[in-house]
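Q: Submitted below is the structure of interest, expressed as structure tokens.
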Amino acid sequence: MKRYSKLARASILTLAIASVGTLAACGSDNSSSTSDSSSGSGEGKVTLRFFSNLPDRKSGQGLAEQTVIDNYTKENPNVKIEVETLAEEPFKNKLKAYMSSNEPIDITMVHGGAELNTLVQAGYVKELNPKQYEGEQFNFLPGVYKSFTFNDKLYGLPRNSDYEVIYYNKKLFADNGVKVPTTLTELLDAAKAFRDKGIAPMSINGKDLWSFGEMYQNLVLRYSGNQNLILDAIDKKVKFADDENFLKAAQFLGEVRDAKMFQDSYMTADYGASQNMFSQGKAAMWYMGSWEAGMATNEALPEEFRQNLGVVKFPVAEDGKGSLDDLLAWNGGGYALVSSSKHPEEAKKFFDYLMSASQWAKVAWDTGAAVPAQKYELTGSESEVQKTLTDILINASSTSGASAVDYGTPKFKDDSQNAFGKFFSSKQTPEELLSALQTAVDNQ
């Protein structure tokens, strides 16, 4: 568990979190597209293939990513970068297919933790030398390599500082006289109040399953006050039946399910559908991560929505040991070099350019797209959402450094997510959920 020093608190320019990946630094668009970034003619022209989970190239992280690509091709007219983009779930499926066929992509987006581990075991991504990424050129924050490191070897670099929050619609709360929740009891009260008004209290991407795991980890943290407890369970240092906080968290998940917290048919809603419901004012809240900071400046979203977008910390348990400032935070999404690249030297040059602090980190922050995994400077023109997200991070009293669903093996990830899916799509008891999670740990 990481505690912030006084120096880190004093400098708003240094946002440090530990890491382990999740699919949480995910792309938010639910469409798919292919875009090219062409350069001028020149001798020795090279075409690099870049695979991304950010299909929206006109706003948010997709715009930031494309901006860096355009910057590079302008400075290197002999290089053309072909960009293939897919929305989150199709991206993950196609990357598995590319891995199986050893497709010669040059650079790919990767999800740290279990999913990257699969690519590492297949030899699909290249090892990196961490010493090459020290110093001011890259300015990575402490601890951010953890979800990209396996057997003490580094296989990718993170792009964002990821942490779970609740986005909410200020107008819906004000118009309906509902208090923005700071406690779990108030969260259930808000669910009832909005349901009585015919409004979905909270949108979630139930089809993708992973948000359930993030919420459960948040609840374990709120009840126990121990960032390591659930990670210790996955490491087989403690069993789910041994600590009452696991059961309390599961019981609250049951209350969430029974209170109809989430939108109707939430088990069929993917990432894009859940975001669309929230951004169209059909849900009062959205449980999601800091990587969605760009909603506040995305002009493709309704102006009324952007003006009324707020963000708050996950509520505290009144009878729990955790505080509002204990933050579920990690470093999840990033980039890796592909072993089968036909142009390894040129790919490495662009990769290093992309990950320079003056490129991804600066562009992502300046455009309001995300909170980088590198040091960045405030511009003075940040949105209120950006400012709040910054305050949440630098005031965190502890961070998890790990997303539990990605902390174990790929098999544990699949089995644990399926356990949450079964719990929310049935009348399964909290005790049965804990049993399923323990089985997932034992069989990983």
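The values are calculated or read from the model by the stated rules, or taken from the named source; none is laboratory data. Bear in mind the structure is a predicted one, so any value in this text is a computation, not a measurement. No Cβ is skipped: glycine too gets one built from the backbone with ideal geometry, and neighbour counts run over all protein chains shown. Keep in mind that these areas ignore ligands, DNA and RNA; they rest on the heavy atoms of the full protein, side chains included. Shrake-Rupley method; radii C 1.70, N 1.55, O 1.52, S 1.80 Å.
Q: Using each residue's phi in the range 408-421, evaluate 6.51 cos²θ - 1.76 cosθ + 1.60 at θ = phi - 60° and report the 3J(HN,Hα) Karplus result to the nearest Hz, with x for Gly and Pro.
A: Result, rounded to whole Hz: x, 7, x, 5, 4, 4, 4, 5, 5, 5, 5, 5, 5, x.
Q: Taking a threshold of 21 Å on the Cα-Cα distance, which of the pairs Lys96/Lys131; Lys207/Lys282; Lys146/Lys413 fall above it? It would help to have the intermediate numbers written out before the result.
A: Working: Lys96/Lys131 29 Å; Lys207/Lys282 18 Å; Lys146/Lys413 17 Å.
Table pairs above 21 Å Cα-Cα are Lys96/Lys131.
Q: Against the longest principal axis of the chain, how steep is helix 210-224, in degrees 0 to 90 to the nearest 10, with axes from Cα atoms?
A: 60
Q: Oh, and also: If each of Asp391 and Lys411 carries a label point 7 Å out from its Cα toward its Cβ, how far apart are those two points in nm?
A: 4.7
Q: For helix 430-442, what angle does its Cα long axis make with the longest principal axis of the chain, in degrees from 0 to 90 and rounded to 10?
A: It is inclined by approximately 30 degrees.
Q: Oh, and also: Roughly what would the spin-label model give for Lys260 and Glu136, points 7 Å off Cα along C-beta, in nm?
A: Between Lys260 and Glu136, the label points sit 5.9 nm apart.
Q: Using a Förster distance of 41 Å, how high is the FRET efficiency between Asp442 and Lys45, based on the Cβ-Cβ distance and rounded to 0.05? Walk me through the intermediate numbers first.
A: Details: r = 54 Å, r/R0 = 1.32.
Plugging the Cβ-Cβ distance into 1/(1 + (r/R0)^6) gives 0.15.
Q: Continuing with the same structure: Near the amide H of Asn160, under 5 Å away, which other amide H atoms are found, from residues 5 or more places off or on another chain, if H is placed in the peptide plane?
A: Under 5 Å from the amide H of Asn160 lie the amide H atoms of Gly332, Gly333, Ala373, each far enough along the sequence or on another chain.
Q: Could you calculate the contour length gain from Ser358 to Asp270, that is, 0.36 nm times the residue separation minus the distance between their Cα atoms, to one decimal place in nm? Each step should come with its number before you reach the end.
A: Numbers: separation 88, 0.36 × 88 = 31.68 nm, distance 3.34 nm.
Working it through step by step, the gained length comes to 28.3 nm.
Q: Another question about this same structure. Of Glu186, Glu164, which has the most accessible area and how do the rest follow, probe 1.4 Å? Present the calculation step by step, with values, prior to reporting the outcome.
A: Values: Glu186 45, Glu164 5 Å².
In descending accessible area the options line up as Glu186, Glu164.
Q: Right, something else. Grab the Cα-Cα distance for Lys94 and Lys74, subtract it from 0.36 nm times how many residues apart they are, and report the gain in nm with one decimal. Before the final figure, lay out the partial values.
A: Details: separation 20, 0.36 × 20 = 7.20 nm, distance 2.95 nm.
4.3 nm is the gain from fully extending Lys94 to Lys74.
Q: Residue by residue through the range 227-240, what is 3J(HN,Hα) from phi via Karplus (6.51 cos²θ - 1.76 cosθ + 1.60, θ = phi - 60°)? Round to whole Hz and write x for glycine and proline.
A: Each residue of the range 227-240 in turn: 5, 8, 4, 5, 5, 5, 5, 5, 7, 6, 8, 8, 9, 4 Hz.
Q: To the nearest 500 deg cm²/dmol, what mean residue ellipticity at 222 nm is calculated for the chain from DSSP H runs of n ≥ 4 alone, each contributing -39,500 (n - 2.57), summed and divided by the residues?
A: On the way: 17 runs with 171 residues, N = 444.
Mean residue ellipticity, 222 nm, calculated: -11500 deg cm²/dmol.
Q: Which ³J(HN,Hα) values, rounded to whole Hz and listed in residue order, are derived for the range 55-69 from phi using the Karplus coefficients 6.51, -1.76 and 1.60 in 6.51 cos²θ - 1.76 cosθ + 1.60 with θ = phi - 60°, glycine and proline given as x?
A: x, 7, 9, 10, 7, x, 5, x, 5, 4, 4, 5, 4, 5, 4
Q: Oh, and also: Let me spell out the model: positive unit charges on the Cβ of Lys and Arg, negative unit charges on the Cβ of Asp and Glu, origin at the Cα centre of the range 389-444. What dipole size does that give, in debye rounded to 20? Intermediate values should be presented prior to the final figure.
A: Details: 4 positive and 7 negative charges, 24 e Å.
It comes to approximately 120 debye.
Q: While we're on this one: Taking H as built 1.01 Å from N, whose amide H comes closer than 5 Å to the amide H of Val311, not counting residues under 5 places away?
A: When sequence neighbours closer than 5 places are left aside, the close amide H contacts are Tyr168.
Q: Let me ask you something else. As a test question: what accessible area, to the nearest 10 Å², does Ile199 have when a 1.4 Å probe is rolled over all protein chains in place?
A: Estimated to the nearest 10 Å², Ile199 gives 30 Å².
Q: OK, next. Name the residue from Leu154, Trp210, Leu116 whose Cα lies farthest towards the positive end of the charge dipole of the range 112-217, charges +1 on Cβ of Lys and Arg and -1 on Cβ of Asp and Glu.
A: Value computed over the given set: Trp210.
Q: Continuing with this model, one more query. Tell me which of Gly333, Leu229, Phe50 sits at the most positive position along the dipole axis of the chain, charges placed on C-beta atoms (Lys, Arg +1; Asp, Glu -1).
A: Leu229
Q: Would you compute, for the Cα atoms of the chain, the largest minus smallest coordinate along each principal axis and list the three values in descending order, in whole Å?
A: Principal axes ranked by extent give 66, 49, 44 Å for the Cα atoms.
Q: Check Leu154: other-chain or 5+ apart residues with amide H under 5 Å from its amide H, H built from backbone geometry?
A: Those qualifying (amide H under 5 Å, at least 5 residues apart or on another chain) are Leu128.
Q: Assign unit charges at the C-beta atoms only (+1 for Lys and Arg, -1 for Asp and Glu), then state the dipole size of the range 306-358 relative to its Cα centre in Debye, rounded to the nearest 20.
A: On the way: 6 positive and 7 negative charges, 58 e Å.
With Lys and Arg at +1 and Asp and Glu at -1, about 280 debye.
Q: Simple spin-label model, 7 Å along Cα-to-Cβ: Lys342 to Gln121 in nm?
A: 3.1
Q: Another question, if that's okay. Using the heavy atoms of the protein chains and a 1.4 angstrom probe, tell me the accessible area per residue for the range 219-277 in square angstrom.
A: On the way: 2370 Å² over 59 residues.
Here the residues of the range 219-277 average 40 Å² of exposed surface.
Q: Nothing charged except the Cβ atoms of Lys and Arg (+1) and of Asp and Glu (-1): what's the magnitude of the dipole of the chain about its Cα centre? Round to the nearest 20 debye.
A: On the way: 46 positive and 57 negative charges, 47 e Å.
Using Cβ point charges on Lys, Arg, Asp and Glu, the chain gives about 220 debye.
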